[in-house]
Every structure is written in structure tokens, then in C-alpha cells.
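Right, one structure below, let's go through it.
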Amino acid sequence: MRNVFATTLTTLGLLASSWSSPLPPVPPGTIICHLARTGPPIVASTPGTPVTGLQLAVDITPATLEKTGFTGGWDFVNGGIGAFYGCHDFWLNIGKSNKSYKPLSWAFDKQVTKNWKAAEGSKITAAATASYKATSKFLACKEKGTWTLYLQTGTDMPAGAK
């Protein structure tokens, strides 16, 4: 059985004083600018669940929740959620699935998803598309010891969810 919890993602109103979390990997040969942008982490806010207070981590794929997430600068431009890192962004993209829970993944300098509605201090929402209605619901599934994050656009649940 997998542990699965519905969660809401929201940003904290506190600013981090430095990049206190591990930085995401970048492709070899990438030029990095030395700009120090910091910002609050994006945290799960669903009282009474094990994922409350966990923070959105920035990795290539999949999107996960961890105790210490990304606290660098966030970009909320062109309907995206970008984790700014050295003149580049890792973009949070919504994947395709025939299930109502959609995989979330990070892409280096490649913004595919442009229907996020997000800002510092606000709830994150995926605006409506031809495939689903607007939603601020996410699923966090404990898979191989890690909380993997999905956008929930309906009522489907992964096999073995409890």
C-alpha cells in the first residue's frame, strides 16, 4: 500500500536569508551567473497529514516534497513556476496522463506548462485547460521513501492508495 494524501501548496510569507537547500543539478558546460536571489520555499499546507510543512524540492524529475526544499528565487512569469538558478530556470511542468492525477516534473530552461497561477504568499492553482478544470489540489504519494507530487484534476487515485 502506498501512502497518498491530498495536499494544497502555498508559499510561506517568510524570506530565507540564504540558499539553505541543495541546488539542482545543471547540464555540464552550463554557464552560471552569480546572482544571489533568495525566496521562501513552497510548502504543503494540509493540516493533519504527514506532508504538512514539507517543501517543494527542485530536481529534474519528478517533483517531490522534502523537509528542506528549494529556497532560491522563484519566477512566476508567463503562467509558469520557475526555480531560478544562476541565470537559468528549472520549470515545473504538468505531464500528460489518462488518469486524473498528472505527474509533475522539472525541466532545465524548458517551460512547457503556462497555466499556473502562483505568486509569493498565495495558493498555487493550475488554470483550466481543455483537459481539466482549474484546480489547487495535489496528491503526494510516498514512493520508494520519497513524497512524489502530482496535480489532482479529478478523483482517480493510484493503485494501492490508502
Exercise for the section: Please work out which residue is farthest from the chain's Cα centre (by Cα), limiting yourself to the range 143-162 and to residues that are under 9 Å from residue 100 (Cα atoms) and hydroxyl-bearing (Ser, Thr, Tyr). Expected result: 155
Practice task
Can you give me the number of residues within the range 42-57 that are in a loop (DSSP other than H, G, I, E, B) and open to solvent by 10 Å² or more (accessible area, probe 1.4 Å)?
Solution key: 9
Problem - Unique match (being under 20 Å from residue 44 (Cβ atoms) and open to solvent by 30 Å² or more (accessible area, probe 1.4 Å)) among 71, 153, 129, 135 - result: 153
Exercise for the section: Kindly list the number of the only condition in (1) modelled with pLDDT under 75; (2) touching a Cys at 6+ places or on another chain (Cβ under 9 Å); (3) not polar (S, T, N, Q) that fails for residue 25. Expected result: (2)
Handout entry: Candidate set from the range 74-111 (those that are surrounded by fewer than 18 Cβ atoms within 10 Å (Cβ to Cβ), within 18 Å of residue 129 (Cβ to Cβ) and free of Cβ contacts under 8 Å to residues at least 24 places away in the same chain); member that is nearest to the chain's Cα centre (by Cα)
Key = 95
Practice task
Select from the range 112-126 the residues that are among the hydroxyl-bearing types (Ser, Thr, Tyr) and crowded, with 19+ Cβ neighbours inside 10 Å and list them in ascending order.
Solution key: 113
Completion exercise
Looking across the range 46-73 at residues that are at pLDDT below 80 and touching a Lys or Arg at 6+ places or on another chain (Cβ under 9 Å), the single one that is nearest to residue 134 (Cα to Cα) is 73
Practice task
With the condition kept exactly as written, say whether any residue in the range 133-141 is modelled with pLDDT of 85 or more, out of contact with any Ser or Thr (no Cβ under 9 Å at 6 or more places or on another chain) and either of a type in the set (Ser, Thr, Tyr) or under 21 Å from residue 57 (Cβ atoms) (or both).
Solution key: no
Practice task
Please work out if residue 95 is modelled with pLDDT of 80 or more and small (Gly, Ala, Ser).
Solution key: yes
Handout entry: Options 106, 91; residue that is in a strand (DSSP E or B) and in contact with a Gly (Cβ under 7 Å, 6 or more places away or on another chain)
Key = 91
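The values are calculated or read from the model by the stated rules, or taken from the named source; none is laboratory data. The shown structure was predicted, so the numbers you read here are calculated from the model rather than taken from an experiment. Every residue, glycine as well, gets a Cβ built from its backbone with ideal geometry; the counts of neighbours run over all protein chains shown. Just so you know, the surface numbers come from the protein's heavy atoms only, side chains and all, with ligands and any DNA or RNA stripped out. Shrake-Rupley method; radii C 1.70, N 1.55, O 1.52, S 1.80 Å.
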